[in-house]
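To start, the structure itself, in structure tokens.
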Amino acid sequence: MLIAAAVLFLLLRLLPGDPANALVSVGADPEQIEAARRQVGSDLPIGAQFVRYLGQLGSFDHGASFVSGVPVLEEIGRRLTLTLPLTALAFTCAILIALPLGILAAVKRDRWYGSLISVISQLGVAIPVFWIGILLVTAFAVKLRLFPSSGFPTSGWRDPLAALHQLALPILTIALVMSASLLRYVRSATLDVIGSDYLRTARALGAGYGEALVRHGIRNGAVPVISILGIELASTLLGAVVVERVFSLPGLGSMLLSGIEQRDYPSVQGVLFISTLLVLLVGFAADLAQRLVDPRLRGPSGGRS
Amino acid sequence: MTALSARANRAHRSVLKATTAAMLLLMGVAPAVSAEGGPDATISIGSLYEPQNLDNTAGAGQGINEAFNGNVYEALFRLNDDGSVSPSLVKDYTVSEDGLTYTFTLQPGVTFHSGDPLTSADVKWSIERVTSPDSKSSRKNSLKPIASIETPDDATVVIKLSSRSISLPYNLSYVWVINDAAKDLQSTEDGTGPYALDGWQRGSQLAVKRFDKYWGPKPENGEVVFKYFTEATALNNALLTGAVDIITSVQSPDSLAQFKDNPDFTVAEGKSTTKLLLAYNDRVAPFDNVKVRKALARAVDDKKLLEAVWGEYGTLIGSFVPPTDPWYVDLTKVDAYDPESAKALLAEAGYPDGLTFTIDTPNYDPHPLAAQFLQGELAKVGVKVNINVITANEWYTKIYKAHDFQATLQEHVNHRDIVFYGNPDFYWGYNNPKVVDLIKASEEAKTVDEQTEKLKEANIQIAEDAASNWLYLYPQIVVSKKSVSGYPLNGLNSQFFAYGIKKAD
């Protein structure tokens, strides 16, 4: 975490530009620019800036935005109320789409629809997120007028239905993209299971094909899929950056983007710090889930392959 | 085999069913926008310029002028949409014979949104905020002639100047009058305008509500919501789907077709003050040579560029001054498009084989396109252009502050900004003592006519010197729903007065 913070700090300072620039406009005189630099601390040598930053990190204080003056953590908290539900809902939808279709594609791989699912998912992996977003907006918002094209209600989640209505297209966008790649993992995991010896043994002992798959297959197939899920969930969180921009959503991603544009270091560092933390937590949770599903991973030797 | 496929199919079908049910449920929810019109209507204004904070002396950006000027905050004077300046919080004022003492009488019965009455102390405090060392206002310089501010009584403000300043009323139109007891102006407000802040959701929208104790005429609507977008396409879609009523300024002509051919929308073209220019660093060779600058001006077909970017919209300009400024002169004939004479001039200047230079190009529209166009045009007269793409933030460090560039593309949005050519330390480093004197003298003029005469002369001189290469004036296009009217068309200095906007029932 500390190394991540240091690397981040350095990379940000390597970008050309100055956070003070976001505060001035054409017409400002040199004294005004210097005053702005003093205010944000970009007039200090980089070493002194880093020491200052470490001091803040130590007390879990991420400072205030250079541009808006709002404490960074407060702003992140507000924006997480959008980004977290968006990610979680999209993730759930993606699983709902990918699991049944993935298994179907594996089991029915020699039928036309089995192959069709595979081909479509392959296509889905190749299409950029923002393009799917734009297509969905054109179809469902502009042409059919079923959903709003962008934004989030001011009332937030106090009116959950309105909020969901507003978030329907962004959720669908992420879910579609995510389920495409997820589906391929589910399919290959299922294929592995179908070809396995224990499944043949189970069937030899008299279990039906479906029963064998449900009793022995799902558990075995789940292990690799869960680790992929962890990674996918983390990447959805980051994919939200693009989706939030397409749909003008006031989430963590849009905060990161505008922070980078304005060289608002406290905001960028804060967002990246918190999202790194979240990604680590997700990874940890995925690990735990794997151990729950597969007793072989629980031993003290931690015999993981 | 069959058993499982049936099961999977069933599972699949039930997922589908659940999803469809959820979709239907969601579709049943009415969109959150209120469609009703009338005197208490809510007007939704779509914009690409979200303010960074709510204080125009703390680097809030142009978005704050759009949302707050004349709506939430008022000044002693108002810059009207037609470019004229009229008294606002000032009821009456007198100027002494020598032009150095201005005595303002304030409007009676003005209340701040917090309930405090407006007094002369508030005005003094507000002006001193802009001129203070911490101020990041780009207007700070223009208020330099102010020597002292006195408040003999609650309704009178006396401003003493160190030198004449004919533009004082104009310059004061930028100075918000704020309650001197107000705290935390970056996230709250306490102004005297017809609307009070009603909530700001960062990254999304800012709402202002009609202020019932407003001293002036009652606004034509009850509430105004500024909705902010980062993508022009998302903004256009919002208007198409009815989520916003107005777009304050359309940034690309491609998107206009969908509104122009649609009877549900009004497309209105106003006059803008936004100029696109190729600014040279006039300090360094070869741009310290007038002949080179004139040659490059003649080598570029501005009309073709304007058509490429804006189609039938926009205006050609021959200098930095737009037609709405009183000192406008049609200078498009000076160094008009003529590649042959451009080549001759280059040879005369000592560059018979052409030259090479780099244009630092901001990475957002229309700069990259304009840079490529210039590259093509200048190649025809033997000038090789390298394009270096930079971000807006880098532009300030590299060009505005360090003057480390040969040429750059930039849009200048302000009204009456010819004065930049009178400052030899400005980023483009144009230094003609005659222009410096003229601009200084124009500010110290005794009458507006004298000021206009002097600035006209300066205007002609910068065009003759080809101080920069002025490519074109942007169009200012406002698109609205047919049912909405009464909005400002020109949006001078990014202002967008909302109090006159009506929405039909």
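Any read-out appearing in this document is the output of simple, stated calculations on the displayed coordinates, not a laboratory observation. If you're wondering where the values come from, they're calculated on a predicted model, not measured in any experiment. As a convention, Cβ positions derive from the backbone with ideal geometry for all residues, glycine included, and neighbour counts pool all protein chains shown.
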Could you tell me what percent of the DSSP beta bridges with both partners in the protein assembly as shown are antiparallel, to the nearest 5? 75
Can you list residues whose amide H is under 5 Å from B:ILE501's amide H, if they're 5+ apart or on another chain and H is modeled 1.01 Å from N? B:GLU220
Whole-Hz couplings from phi, Karplus 6.51/-1.76/1.60, listed for the range A:52-59; x for Gly and Pro: 4, 5, 4, x, 5, 4, x, 9
Could you sort out which of B:LYS304/B:LYS333; B:LYS291/B:LYS380; B:LYS140/B:LYS213 sit more than 20 Å apart by Cα distance in this structure? B:LYS140/B:LYS213
The range A:1-92 - Rg (one decimal) and Dmax (whole number), Cα, Å: 16.3, 54
Rounded to the nearest 10 degrees, the helix A:160-194 long axis (Cα) sits at an angle to the longest Cα principal axis of chain A of 50
Net charge over other residues, Cβ less than 14 angstrom from the Cβ of B:ASP40 (K, R count +1; D, E count -1): -1
Whole-number D in µm² s⁻¹ for the range A:221-305, Kirkwood Cα-pair radius fed into Stokes-Einstein, 10 °C, 1.306 mPa s: 109
In the structure displayed, which of B:LYS227/B:LYS303; B:LYS160/B:LYS275; B:LYS294/B:LYS456; B:LYS343/B:LYS398; B:LYS183/B:LYS227 lie more than 23 Å apart, Cα to Cα? B:LYS227/B:LYS303; B:LYS160/B:LYS275; B:LYS343/B:LYS398; B:LYS183/B:LYS227
Over its alpha-carbon atoms, the range B:390-505 yields an Rg and a Dmax in Å of 18.7, 59
Most mobile listed residue (A:ALA168, A:ALA48, A:ALA141) in chain A, GNM with C-alpha springs under 10 Å: A:ALA48
Directionally averaged projected area (convex hull, Cα atoms, chain A), nm²: 21.5
Nearest-20 debye value, the range B:252-315 charge dipole, Cβ charges on Lys, Arg, Asp, Glu: 560
Intensity falloff of the range B:202-359 expressed as log10 I(q)/I(0), Debye formula with alpha-carbon point scatterers, at q = 0.15, 0.17 Å⁻¹: -0.98, -1.10
For the range B:122-215, what does the equivalent ellipsoid look like in terms of its semi-axes, each the square root of 5 times an eigenvalue of the Cα gyration tensor, given largest first in whole Å? 28, 17, 12
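Report the far tail of the P(r) of the range A:96-154, meaning the percent of Cα-Cα pairs longer than 15 Å. Let's see the in-between values first.
Working: 1078 of 1711 pairs.
Every Cα pair in the range A:96-154 considered, those over 15 Å come to 63 percent.
Please compute one quarter of the surface area of the Cα convex hull for the range B:269-373 and express it in square nanometres.
Projected over every direction and averaged, the Cα hull of the range B:269-373 covers 7.6 nm².
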Could you put A:LEU278, A:LEU288 in order, starting from the residue whose Cβ has the fewest other Cβ atoms within 10 Å? A:LEU288, A:LEU278
Report ³J(HN,Hα) in whole Hz for each residue of the range B:207-221, in order, from the Karplus equation J = 6.51 cos²θ - 1.76 cosθ + 1.60 where θ = phi - 60°; Gly and Pro get x. 10, 10, 10, 4, 9, 5, 9, 5, 6, x, x, 6, x, 7, 9
Note the per residue figure in Å³ for the convex hull of the C-alpha positions in chain B. 194
Cα extents of the range B:41-157 along the three principal axes, largest first (Å): 46, 34, 31
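Sort A:SER42, B:SER47 so that the residue with the fewest other Cβ atoms within 10 Å of its own Cβ comes first and the one with the most comes last.
On the way: A:SER42 20, B:SER47 24.
Lowest count first: A:SER42, B:SER47.
Excluding B:SER162 itself, calculate the net charge of residues whose Cβ lies under 14 Å from the Cβ of B:SER162, where each Lys or Arg counts +1 and each Asp or Glu counts -1.
Details: positive: B:LYS144, B:LYS160, B:ARG164, B:LYS440; negative: B:ASP98, B:GLU443, B:GLU444.
That works out to +1.
So how many Å³ per residue does the convex hull of the Cα atoms of the range A:38-141 work out to? Please list the in-between numbers first.
Numbers: hull volume 21.6 nm³, N = 104.
Cα-based convex hull of the range A:38-141, divided per residue, equals 208 Å³.
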Over the Cα atoms of the protein assembly as shown, compute the convex hull volume and normalise it per residue, giving Å³. 193
Take every residue in peptide A:151-157, count the Cβ atoms of other chains within 10 Å of its Cβ, and give the average of those counts. 5
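Let's test the formula: R0 of 51 Å, r as the Cβ-Cβ distance of A:ARG145 and B:THR105. What FRET efficiency results, to the nearest 0.05? Let's see the in-between values first.
Values: r = 54 Å, r/R0 = 1.07.
It comes out at approximately 0.40.
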Filter the trypsin sites (Lys or Arg not before Pro) in the range B:449-486 to those in DSSP coil with at most 16 other Cβ atoms within 10 Å of their Cβ, and list the result. B:LYS482
A:LEU292: net charge of surrounding residues, Cβ under 11 Å, Lys/Arg +1, Asp/Glu -1, itself excluded? +1
Here the range B:328-474 gives, from Cα atoms, an Rg and Dmax in Å of 16.8, 50
Residue among A:ILE103, A:ILE218, A:ILE95 with the largest mean-square fluctuation in a Gaussian network model of chain A, springs linking Cα atoms under 10 Å: A:ILE218
